[in-house]
Each structure stands twice: as C-alpha cells, then as structure tokens.
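Undergrad: Below are the structure tokens for one structure; questions will follow.
The values are calculated or read from the model by the stated rules, or taken from the named source; none is laboratory data. Everything numeric here is computed off the predicted structure, so don't read it as measured data. Positions of Cβ are generated from backbone atoms using ideal geometry, with glycine treated the same way; all protein chains shown enter the neighbour counts.
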Amino acid sequence: MTTELLICAHCHRPYEFTRGRKTIVNGGTVGIPCNGQTAAQFILAESAGGGWKTQLISVPYDNEAVVAEFYESGLIDLANVWSRTIIAMLKTGRHYNKECLQLIRRLCEERGEDFGCEEIWREAAETLGI
C-alpha cells in the first residue's frame, strides 16, 4: 500500500487496522448495518502531525421512518422478502439478507428448484422469523 490511509466501504462492517504508519478503515454503513448496531456509522478522518487520525462514529437516526418508506412506496409489495430482510437489518443490525440468501440457496439445491422460486423465498423468511 503506497498511501498512509486507505478508506474502504460497502461491506457494512466498521473496522480499523493500523500497521506502522499505514491505516485501513471502513466506516460501516449509514443505513443497513450488519454488525449488531442500528445507528448510522461513518468515519471522521483528520490530518494530524503529518499522518492521519481516524475515528469510527455511530449516530442514532430514525430507522422507523425508513421502514415506513418501504410500505409507503410499495417496495414491500414489489420485493417482499428482500424488503423484509432489509427492514429486519435496520431494526436489529443482524445480517439477515446474507442469512436468507444462504438458506434460499440451500433449500433450492436440496429440492432441485430454481433460485427464483418465490415459495422458497417466503419459506426462508419465515424460518428466519422475518
């Protein structure tokens, strides 16, 4: 790594790793957590003495307003199971979409069904309690 600070994103899990003067950070997620937190998460990076000082920050926000938008927009009807996984993640910080997809894949393979089988998607969601 040629830079002193590498900022990563998209994995929805905040972390910070430093070795010598090199630091890699990921701020987590502003909206869909999968690390047990339900707050918006981000990084504050400041120049400090020729290097970088980073801080992982979590800020509570109105998750229920986001959940309400799934219903008001009709998205819950268009992509029911996927929307339910996201809503559950917003409320709990648990990685439900990954768990649901893994269960769907396993059930489809066991039953010789196509991955798009809606019945299996619904069964997976019910099994996970979402």
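Undergrad: Does segment 94-130 hold any residues that are in a loop (DSSP other than H, G, I, E, B) and on the phi < 0 side of the Ramachandran plot, and which are they? Talk me through it step by step, then tell me what you get.
TA: Residues of segment 94-130 in a loop (DSSP other than H, G, I, E, B): 94-95, 112-117, 129-130.
Of everything in segment 94-130, those that are in a loop (DSSP other than H, G, I, E, B) and on the phi < 0 side of the Ramachandran plot turn out to be R94, H95, E113, D114, F115, G116, C117, I130.
Undergrad: Okay, moving on. Can you tell me which residue in segment 1-13 is modelled with the lowest pLDDT, limited to those that are assigned to a loop (DSSP other than H, G, I, E, B) and over 28 Å from I86 (Cα atoms)?
TA: Restricting to residues being assigned to a loop (DSSP other than H, G, I, E, B) and over 28 Å from I86 (Cα atoms), the top hit is M1.
To keep it simple, each residue is scored yes or no on (1) surrounded by 17 or more Cβ atoms within 10 Å (Cβ to Cβ); (2) in contact with a strand residue (DSSP E or B) (Cβ under 7 Å, 6 or more places away or on another chain).
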{"residue": "V59", "(1), (2)": "no, yes"}
{"residue": "A68", "(1), (2)": "no, no"}
{"residue": "A79", "(1), (2)": "no, no"}
{"residue": "G93", "(1), (2)": "yes, no"}
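Undergrad: Return only the number of the condition from (1) closer than 19 Å to H95 by Cα; (2) touching a Pro at 6+ places or on another chain (Cβ under 6 Å) that L56 does not satisfy.
TA: Exception for L56: condition (1).
Undergrad: Free of Cβ contacts under 8 Å to residues at least 12 places away in the same chain and not assigned by TED's automatic domain parsing to the domain that holds W121 - does that describe any residue in segment 19-40?
TA: yes
Undergrad: Let me ask another. In this structure, does T85 turn out to be in a helix (DSSP H, G or I), of a type in the set (S, T, N, Q) and either surrounded by 14 or more Cβ atoms within 10 Å (Cβ to Cβ) or touching a Lys or Arg at 6+ places or on another chain (Cβ under 9 Å) (or both)?
TA: Numbers: in a helix (DSSP H, G or I): yes; of a type in the set (S, T, N, Q): yes; either surrounded by 14 or more Cβ atoms within 10 Å (Cβ to Cβ) or touching a Lys or Arg at 6+ places or on another chain (Cβ under 9 Å) (or both): yes.
In short, yes.
The rows are residues; the columns are (1) within 13 Å of the chain's Cα centre (by Cα); (2) of a type in the set (S, T, Y).
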| residue | (1), (2) |
| --- | --- |
| Y15 | no, yes |
| K22 | no, no |
| V25 | no, no |
| W52 | no, no |
| A68 | no, no |
| S73 | no, yes |
| D77 | no, no |
| L90 | yes, no |
| K98 | yes, no |
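Undergrad: From the list E69, E16, exactly one residue is outside the structural domain of G116 (by TED's automatic domain parsing), outside any loop (DSSP other than H, G, I, E, B) and not basic (K, R). Which is it? Can you show your working first?
TA: Working: E69 fails: outside the structural domain of G116 (by TED's automatic domain parsing).
Exactly one of E69, E16 is outside the structural domain of G116 (by TED's automatic domain parsing), outside any loop (DSSP other than H, G, I, E, B) and not basic (K, R), namely E16.
Undergrad: Let me ask another. Based on what the data block shows, is T85 out of contact with any helix residue (DSSP H, G or I) (no Cβ under 7 Å at 6 or more places or on another chain), of a type in the set (S, T, Y) and in contact (Cβ under 8 Å) with a residue 12 or more places away in the chain? If you could, list the steps in order and put the result at the bottom.
TA: Numbers: out of contact with any helix residue (DSSP H, G or I) (no Cβ under 7 Å at 6 or more places or on another chain): no; of a type in the set (S, T, Y): yes; in contact (Cβ under 8 Å) with a residue 12 or more places away in the chain: yes.
When the stated conditions are applied, T85 does not pass them.
Undergrad: Quick check, is V30 at pLDDT below 90 and not in a strand (DSSP E or B)?
TA: Yes, satisfied.
Undergrad: Right, something else. Restricting segment 42-66 to residues that are assigned to a strand (DSSP E or B) and of a type in the set (D, E, K, R), which is modelled with the highest pLDDT? Can you show your working first?
TA: Of all residues in segment 42-66, those assigned to a strand (DSSP E or B) come to 42-48, 51-59.
If we keep only those that are of a type in the set (D, E, K, R) too, we end up with 46, 53.
Numbers: E46: 93, K53: 90.
Looking at the filtered set, the residue picked out is E46.
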